[in-house]
Amino acid sequence: MPRALITGATAGIGRSFAVALARRGFDLILVARSTERLEALAHELAAQHHVATEPWTADLASDEGRESVAARVAALPPLDLLVNNAGFATTGKLHKIPIEPQLAMLRLHALAPMRLCAAALPRMVERGTGGIINVSSIAGFLFGPGNVNYSATKAFLTSFSLGLDTEVRNAGVRVQALCPGFTHTEIHDEMPHVKRQIPAWLWGRADHVVEASLRQLERHGPVICVPGLRNKILWRVLTLIPRGLRGTLAVRRRRAQGS
Ligand SMILES: NC(=O)c1ccc[n+]([C@@H]2O[C@H](COP(=O)([O-])OP(=O)(O)OC[C@H]3O[C@@H](n4cnc5c(N)ncnc54)[C@H](OP(=O)(O)O)[C@@H]3O)[C@@H](O)[C@H]2O)c1
């Protein structure tokens with residue numbers, strides 16, 4: 001049986017990865033902070049899809065949580081797929097918001113995926129097969145007031161994935177930077193204004209995001225995966241606008257919205 005480890009498996013995109021991979025016959029290691037939700041999901045997937053599931057409770061924004069998961073990964077037989085998905089979002093200008101969540105975001109979005117890739121890769125490379133999906137964001141191509149740290153951590157993850165691919169592609173390991181647009185999950189639960197401001201047509205479904213990602217990985221597609229036609233167009237347009245101008249346009253948009 002192939003085996004995958006998914007971080008942030010209890011909700012949203014991570015949970016959709018867990019369901020899609022269980023359907024494909026993967027045994028699963030499910031990582032998140034809430035033990036109760038992890039165990040419920042592990043039981044549900046094992047019963048429905050007859051796969052082996054292991055819940056690992058860990059806070060990947062802490063040094064201890066990240067290092068303990070990395071040590072367990074390094075000690076395991078090789079993984080077939082690593083999905084670095086755990087993440088969260090905040091809003092507010094950097095000088096006006098508490099710093100600790102921003103430090104935690106850097107550790108969770110940048111340090112943890114890098115560390116888990118480094119733990120999983122030696123065995124994947126040795127065996128000459130394996131896959132890594134780093135869940136980044138279309139926000140990594142944007143910058144503007146209100147979530148600069150989120151965008152910057154996602155830009156890191158996309159750039160890191162593109163570079164990593166050049167190191168391991170010839171060894172048979174596939175790397176993907178999955179860059180979804182707005183997706184209905186729990187991440188915006190504390191941000192009702194985001195749900196109000198973003199037009200309905202820009203929102204997608206987590207299961208669609210995951211199917212697009214897995215299909216692209218399975219057919220050895222490009223490293224960057226932007227699911228959905230509207231997001232693909234948005235991404236292409238964004239990347240045509242010079243970087244400096246992207247920030248200016250975002251400030252104007254915010255002013256027009258009065259925020
Ligand atoms: N939804 C979107 O619009 C969107 C768009 C682009 C990119 N993304 C990216 O997609 C990924 C998944 O987000 P989502 O929208 O599916 O969010 P979500 O529904 O809020 O799920 C987040 C998952 O991450 C886990 N998690 C959060 N902090 C953690 C920590 N410190 N250690 C371990 N696990 C942690 C959560 O479980 P616990 O709380 O139990 O730990 C949960 O399983 C994120 O990287 C996000 O940046 C989302």
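The values are calculated or read from the model by the stated rules, or taken from the named source; none is laboratory data. If you're wondering where the values come from, they're calculated on a predicted model, not measured in any experiment. Cβ atoms come from the backbone with ideal geometry, glycine included; neighbour counts cover every protein chain shown. When the accessible area is computed, the model is the full protein with side chains, heavy atoms only, and any ligands, DNA or RNA have been set aside. Shrake-Rupley method; radii C 1.70, N 1.55, O 1.52, S 1.80 Å.
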At a 1.4 Å probe radius, carbon and sulfur cover how many percent of the accessible area of the chain? 57
In whole angstrom, how long is each semi-axis of the equivalent ellipsoid of the chain, when you take the square root of 5 times every eigenvalue of its Cα gyration tensor and sort them from largest down? 30, 20, 18
Note: Arg219 to Arg23 extended length (0.36 nm per residue) minus current alpha-carbon separation gives 68.8 nm
Residues of segment 1-30 with backbone nitrogen within less than 13 Å of a virtual label 7 Å along the Cα-to-Cβ line of Arg72, please, listed as ranges. 5-9, 28-30
Per the rule of 0.36 nm per residue minus the C-alpha distance, extending Leu240 to Arg127 adds in nm 36.7 nm
Using a probe radius of 1.4 Å on heavy atoms only, what accessible surface per residue do you get for the chain? Whole Å² is fine. 49
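If packing is taken as the average count of other Cβ atoms within 10 Å, what order do 186-192, 105-111, 94-100 fall into, highest mean first?
The densest-packed peptide leads the list: 105-111, 186-192, 94-100.
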From the phi angles alone, apply the Karplus equation (6.51, -1.76, 1.60; θ = phi - 60°) to segment 101-109 and give each ³J(HN,Hα) in whole Hz, x where the residue is Gly or Pro. x, 6, 5, 4, 5, 4, 5, 6, 7
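Taking the highest mean first, how do the peptides 204-210, 78-84 order by number of other beta carbon atoms within 10 angstrom per residue? Numbers along the way, then the final one.
Working: 204-210: 19.9, 78-84: 24.4.
Put in order of decreasing packing, that is 78-84, 204-210.
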Sorted by chain and then number, the residues having a modelled amide H within less than 5 Å of the amide H of Thr183, at least 5 places away or on another chain, are Gly204
Considering only protein heavy atoms, what is the solvent-accessible area of Thr183 at a probe of 1.4 Å, reported in Å² to the nearest 10? 10
Starting at the first residue of segment 29-38, write each ³J(HN,Hα) from the Karplus equation 6.51 cos²θ - 1.76 cosθ + 1.60 with θ = phi - 60°, in whole Hz, x for Gly and Pro. 10, 10, 10, 5, 8, 8, 4, 4, 5, 4
Can you work out ³J(HN,Hα) from phi for every residue in segment 78-92, in order, using Karplus 6.51 cos²θ - 1.76 cosθ + 1.60 and θ = phi - 60°, giving whole Hz and x for Gly and Pro? x, 7, 8, 8, 10, 10, 8, 10, 4, x, 8, 10, 9, 10, x
Amide H neighbours of Ile29 under 5 Å, at least 5 residues apart or on other chains, H built in the peptide plane: list them. Ala4, Leu5, Ile6, Glu54
Run down the lysines and flag those whose C-alpha is under 24 Å from the C-alpha of Lys96, throwing out any fewer than 8 positions away in its chain. Lys154, Lys195
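Report the calculated FRET efficiency for Phe143 and Glu54 (r = Cβ-Cβ distance, R0 = 41 Å), to the nearest 0.05.
So, using R0 = 41 Å, E works out to roughly 0.60.
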Computed, not fitted: 222 nm per-residue ellipticity of the chain from DSSP H runs ≥ 4 (each -39500 (n - 2.57)), nearest 500, equal to -16000 deg cm²/dmol
